[in-house]
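I have placed the structure first, in the form of structure tokens, so that the comments after it can refer back to it.
The values are calculated or read from the model by the stated rules, or taken from the named source; none is laboratory data. As the structure is a prediction and not an experimental result, all values here were calculated from the model. Virtual Cβ from ideal backbone geometry, glycine too; neighbours counted across all protein chains shown.
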Amino acid sequence: MFYYGVDYYPEHWPEERWNLDASLMESAGINVARLAEFAWVKMEPEEGHYDFSWLDRAIEVLGKHRIKVVLGTPTASPPMWLVKKYPQILPVDRDGHIMGPGGRRHYCYNSPEYRKLTRKIVTAMAEHYKDNPDVIGWQIDNELGCHESNRCYCDNCLIAFREWLKKKYGTLENLNNSWGTIFWSQTYTSWDEIIIPRRTVGSHNPSLLLDFLRFVSDSTIDYQNLQIGILRRTCPDKFITHNLMGLFGGLDYYKLAETLDFISWDNYPKFRGDVNPAGIALSHDVMRGVNSGKPFWVMEEQSGAAGWEIFGPHPLPGEIRLWAYQGIAHGADAIVYFRWRTCRFGTEEYWHGVLDHDGVPRRRYEEVKKMGEELKNLTDLVGSRYKAEAAIIYSYDIRWAFDIQPNNPSFNYMEQIQRYYAGLFNQHVPVDIVNPLSNLSRYKLVIAPSLYLMTPQIRENLERYVREGGTLVVTPRSGVKDWNNVVTDKTLPGELADLLGVEIEEYYSIPGDERYQIKGIGPEKYSCKAICELISPKSAEVIAQYEDGPFAGKPAATINRFGNGEAIYIGADVDIQYIESLLFWLITRCRIDIIVMGPKEVEVTVREGEDGVFIFLLNHSDKAEAVKLSFPGSIEEIMLEPGDVKIIKR
Ligand code: GAL
Ligand code: ZN
């Protein structure tokens, strides 16, 4: 079943309106609603006194209109009575200041009292709804970690951090050696000397900082798992999901996803104004990647102008539909719009939904409805898998290590991922996002931007992939450090030297906005910024050279034969033009199947399932565009109106 839904807040509206809402939803093809994720105070108005009667009635009204429900556990917004009674649950910032209530997410994930209160409300909800056939699943909390809320520096977290470290390192000696605490006399002589990185004079030890970020992530996941445990025991036949935030970096989403049935995520393409189709596509692919490639849900899909104190431009005609289809094209099996009706009060008065404040259905409603009708013909798509022959490696640990030490102010791990992704996107090559230890054997091309942290296991995984015939691209500042954020004593690229067939003689931080020229295989000139490295090829061949800068005339990129495959090393932070030309060359070289010819504004993806192959064409341009689709033995020309979507089933 394809789920098509809205995020609905019956507690914000008079009960007399609910039936009209539900019948408008039904006429638009809506068959699911997410409810209750901020309604704690209405479900438990005082401690231990539960009132689910209003929610029962709302679910019943929706049920009469054949709309199923996903219930959110309400822990993202602890009520005022709770905070007054248990002020010790409040989080503490880096400066040691308590973060008061007034917004949301004002709780510490390691607070024993908050965990107890969480257990109680989640148990009460689970018991109450376990046999309700209209409730099909659960969403845990809401956007865990949002507003950086999981970086808490309170004493509970300090104690939990020490325990986490004890588990990880076993002995203090091991911790001291792993972190290099001899530097600046930071050697710990007892566990209770270990600090949490509150504001200090100068900067903290980078190994401690990285472990703190891992601890923060693990604490959040542990808090989620506390809720999952209760729901699994009480409601074994309902699914459990959580709404993630795309490219958000405050949590290891690979780990977070492990205990969920599937992930969902919140997609706001036009929140800040301009829409970047490749950027949204990447977010979907990251989400599918952390979900092990399985279909996912979009739990909040933009349906109106978005913003709090100020709001951005609203979706133009066709955009809601285009973005929703883009999600499906990337592997979503459900689209849920945020929110049904724009709220009249509270922080999000200007975060617009399908209906405006007055509740009158207009253009945006009609667009949602039109798509609802189309989706009725698409049910055989559910469960089909995204098809990609290229992958990009994405690691949270590496991202955090660069957050701690960017190396150069304009060197950015995520920006590199975005640039290489765009290079493939612009040439109609679908991409999977994978973690460094994933099985890579199904890919013809793998890009591994800046493998800054390295382990022997990752090296083996990459070597196996290339040895067996894969093509791998690695970019600068790779193999620099071990997993504890300590620099290797090997010549760079450290563990990767054999695979890449090079040694790095020198690396250089490019000042300010300076750019150096690079010449590749063709006559064109390209540029690099931020970081450049002097490569000394051992077994590798040179494929690009610096034209100026400190390494003028020297190699900037190489290719190395390794087993049956090839490993490419790019020694500089190169521009998108170089990336596109390199990828163009590699796409043919490793025989990636390109099924569409046409402008880059037309996005193409493929989903394969038992009921067939679905080819999605999405025209992100404001002009009509023509593309040629090549199938074995035939070429078809297809016209797409501005903003239009076509799904071809084979
Ligand atoms: C999401 C969040 C929703 C709502 C929305 C608009 O990130 O999950 O609860 O706040 O943004 O701000
Ligand atoms: Zn805390």
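A few points about this structure:
- Among the residues listed as C152, C157, the single one being in contact (Cβ under 8 Å) with a residue 24 or more places away in the chain, surrounded by 21 or more Cβ atoms within 10 Å (Cβ to Cβ) and assigned to a loop (DSSP other than H, G, I, E, B): C152
- Residue selected from segment 48-66 under the condition in a loop (DSSP other than H, G, I, E, B) and out of contact with any helix residue (DSSP H, G or I) (no Cβ under 6 Å at 6 or more places or on another chain), by the criterion farthest from ligand 2 (Cβ to nearest atom): R66
- Residues located in segment 69-101, provided they are surrounded by 19 or more Cβ atoms within 10 Å (Cβ to Cβ) and more than 30 Å from F212 (Cα to Cα): V69, V70, L71
- Failed item in (1) touching a residue at least 60 places away in the same chain (Cβ under 8 Å); (2) closer than 19 Å to Q545 by Cα, with Q577 passing the rest: (1)
- Across segment 271-290, the number of residues qualifying as part of a loop (DSSP other than H, G, I, E, B), within 16 Å of ligand 1 (Cβ to nearest atom) and under 17 Å from the mean Cα position of the chain (by Cα) comes to 1.
- Breaking point among (1) part of a loop (DSSP other than H, G, I, E, B); (2) farther than 30 Å from H314 by Cα, for L213: (1)
- In segment 335-350, the residues that are within 29 Å of E373 (Cβ to Cβ) and either near ligand 1 (Cβ under 10 Å from one of its atoms) or in contact (Cβ under 8 Å) with a residue 60 or more places away in the chain (or both): I335, V336, Y337, F338, R339, W340, R341, C343
- Within segment 462-510, considering residues that are in contact with an Asp or Glu (Cβ under 9 Å, 6 or more places away or on another chain), of a type in the set (S, T, Y) and surrounded by fewer than 16 Cβ atoms within 10 Å (Cβ to Cβ), the one farthest from Y394 (Cα to Cα): T491
- Of the set (1) within 18 Å of Y254 (Cα to Cα); (2) of a type outside the set (A, V, I, L, M); (3) touching a residue at least 60 places away in the same chain (Cβ under 8 Å), all apply to S178 but (1).
- Segment 251-262 - residue that is part of a loop (DSSP other than H, G, I, E, B) and over 10 Å from the mean Cα position of the chain (by Cα) and, of those, surrounded by the most Cβ atoms within 10 Å (Cβ to Cβ): L260
- Any hit, segment 116-125, residues being buried (at least 18 other Cβ atoms within 10 Å of the Cβ), in contact with a helix residue (DSSP H, G or I) (Cβ under 9 Å, 6 or more places away or on another chain) and more than 30 Å from R66 (Cβ to Cβ): yes
- Qualifying residue in segment 565-586 (condition: outside the structural domain of R464 (by TED's automatic domain parsing) and either farther than 30 Å from L381 by Cβ or small (G, A, S) (or both)): no
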